[in-house]
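All remarks here apply to the structure that follows.
The values are calculated or read from the model by the stated rules, or taken from the named source; none is laboratory data. Just so it is clear, the model here is predicted, and its values are computed rather than measured. Note that we place each Cβ from the backbone using ideal geometry, even for glycine, and neighbour counts take in every protein chain shown.
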């Protein structure tokens with residue numbers, strides 16, 4: 001067999017792992033890799049900023065369930081990836097990031113465009129590698145994809161010096177991975193599952209709290225079966241949105257800072273909480289000492305480090321959500337065979353009363369309401385779109401008013417709260433799911449951080465739709481300034497600049513604008529049906545706030561209303 005270069009071995013390894021797309025931006029230290037790509041039939045999407053390569057790989061991974069791949073050069077190329085890698089790490093998203101590095105003989109000399117990429121990325125990756133020998137590349141690629149996608153998913157970074165990319169090797173690719181120190185627990189402990197099933201069976205006011213781990217493990221079917229058979233209400237976190245159909249009578253929608261009153265009241269009054277694939281983030285729990293004060297907590301998670309980290313747990317179960325939920329339901333039904341299913345009518349009636357008394361609501365006026373726009377996106381796509389969000393008010397309005405019916409259809413930056421995430425994530429999602437309409441629900445502040453990626457979408461014929469909730473402010477920061485800082489709007493006004501319609505047209509996209517409520521449906525219809533990259537500038541109420549809202553430091557059952 002003739003020898004091939006390290007760069008060629010990298011591309012060949014990608015093919016063996018089923019990679020269909022790489023999101024990247026070239027530079028000097030990755031020239032050998034890009035030269036190998038020139039002869040490959042693999043798709044490469046050229047982004048306009050490396051951070052967006054990581055976000056696009058992230059969006060692709062969330063929409064498809066596959067591992068996303070991004071590529072950048074050394075120094076500023078690799079450091080530009082870091083925000084996107086940190087975002088994937090916080091939200092447990094499987095991506096493999098390839099970075100170029102200076103030649104091995106000058107590492108540590110402050111060579112041109114040198115950065116300690118493995119050192120910088122160590123706290124925000126599940127694992128990382130600095131490759132010193134091209135012979136190791138095939139093994140490392142195999143390990144990287146396995147680590148990224150197994151157990152609790154997360155990003156893996158591989159730093160490749162340019163001389164390693166040029167080394168000639170005999171290519172050998174193994175189907176086996178040998179990592180003796182890495183063995184994620186898949187099956188839950190039988191005794192703990194039985195204990196948890198007994199505890200939930202005896203509960204009078206149970207609640208299921210589902211998070212991103214349910215989606216990562218493809219356990220939405222098991223969760224839905226369990227909730228429906230046991231007749232237990234479900235609240236899904238921002239990361240878990242879509243893991244349980246939000247049009248179900250059992251859905252409480254999202255809990256926490258901008259969650260529904262009835263979700264927060266249910267968690268506060270619950271006597272047992274079955275938490276699945278969640279990490280009890282502070283935006284969900286509010287004041288931690290007053291979170292779920294009456295509840296005993298069962299926590300199912302594949303990462304043992306998350307159990308007991310933020311809240312006291314009564315029954316810990318380490319394992320894969322899909323596997324554990326199946327075993328849990330079987331154990332519960334075995335108990336019910338002897339004494340019958342519990343009657344929880346009183347609890348469900350109370351929740352129904354809360355839903356009727358405290359619905360999500362807004363006042364319809366002659367100015368466009370963002371809540372109305374988001375409802376119309378759902379209605380006009382039949383709930384069959386993939387929605388990504390930016391970060392801020394737009395994100396919370398989307399979480400409240402877009403009814404997610406299936407997993408992997410609502411994609412948002414949860415843990416890191418990264419402005420500029422939504423649009424490149426939508427590009428990645430659109431590549432992975434060309435059969436779907438993809439909408440990025442954006443704010444005028446977030447979108448301006450990444451608007452250059454309009455070129456990426458247009459050139460690659462990825463017909464993403466961007467719905468900008470344009471209030472001329474950094475809206476969420478302005479809301480906090482209004483409520484907590486006596487309306488002292490320090491540097492949050494954006495002065496409605498630029499003209500987003502002209503900006504879209506400059507890139508070859510379609511630009512539309514709506515300034516009145518009656519214009520919302522016509523522009524959405526045009527965007528949905530035109531098959532092109534489309535930016536819609538919705539001029540919304542300038543000081544519209546997101547309610548309900550739990551103020552920082554408060555318990556989640558104390559919520560501000562408009």
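When residue 490 is tested against (1) more than 27 Å from residue 59 (Cα to Cα); (2) assigned to a helix (DSSP H, G or I); (3) without any contact (Cβ under 8 Å) to a residue 40 or more places away in the chain, just one condition goes unmet, and that condition is (2). Each residue in region 531-562 was checked for being in the same structural domain as residue 453 (by TED's automatic domain parsing), in a loop (DSSP other than H, G, I, E, B) and either free of Cβ contacts under 8 Å to residues at least 24 places away in the same chain or crowded, with 19+ Cβ neighbours inside 10 Å (or both), and 1 pass. Which one is surrounded by the most Cβ atoms within 10 Å (Cβ to Cβ), of the residues in region 283-312 that are free of Cβ contacts under 8 Å to residues at least 24 places away in the same chain and touching a strand residue (DSSP E or B) at 6+ places or on another chain (Cβ under 8 Å)? Ranking the qualifying residues of region 283-312, first place goes to 307.
Looking across region 402-435 at every residue that is free of Cβ contacts under 8 Å to residues at least 60 places away in the same chain and not in a helix (DSSP H, G or I), the one that is surrounded by the fewest Cβ atoms within 10 Å (Cβ to Cβ) is identified as 435.
For region 461-471, does any single residue satisfy the condition of being assigned to a helix (DSSP H, G or I) and outside the structural domain of residue 63 (by TED's automatic domain parsing)? There is no residue in region 461-471 that is assigned to a helix (DSSP H, G or I) and outside the structural domain of residue 63 (by TED's automatic domain parsing). Here residue 369 meets each of (1) out of contact with any helix residue (DSSP H, G or I) (no Cβ under 6 Å at 6 or more places or on another chain); (2) closer than 30 Å to residue 187 by Cα; (3) touching a residue at least 40 places away in the same chain (Cβ under 8 Å) with one exception, condition (2). For region 436-449, the tally of residues that are crowded, with 24+ Cβ neighbours inside 10 Å and within 23 Å of residue 544 (Cβ to Cβ) stands at 9. Filtering region 508-526 for residues that are at pLDDT 95 or above, in a loop (DSSP other than H, G, I, E, B) and under 27 Å from the mean Cα position of the chain (by Cα) leaves a non-empty set. For residue 152, the test of being out of contact with any strand residue (DSSP E or B) (no Cβ under 6 Å at 6 or more places or on another chain), at pLDDT 95 or above and not assigned by TED's automatic domain parsing to the domain that holds residue 256 is passed.
If the condition is being within 16 Å of residue 48 (Cα to Cα), in contact with a helix residue (DSSP H, G or I) (Cβ under 8 Å, 6 or more places away or on another chain) and surrounded by fewer than 24 Cβ atoms within 10 Å (Cβ to Cβ), then region 455-473 contributes 460, 462. Take residue 193 and decide whether it is part of a strand (DSSP E or B) and more than 30 Å from residue 29 (Cβ to Cβ). No: the conditions fail for residue 193.
Residue count for region 252-267 under the criterion of being over 21 Å from residue 371 (Cα atoms) and touching a helix residue (DSSP H, G or I) at 6+ places or on another chain (Cβ under 8 Å): the result is 2. From the list 132, 142, the lone residue that is modelled with pLDDT of 95 or more and within 29 Å of the chain's Cα centre (by Cα) is 142.
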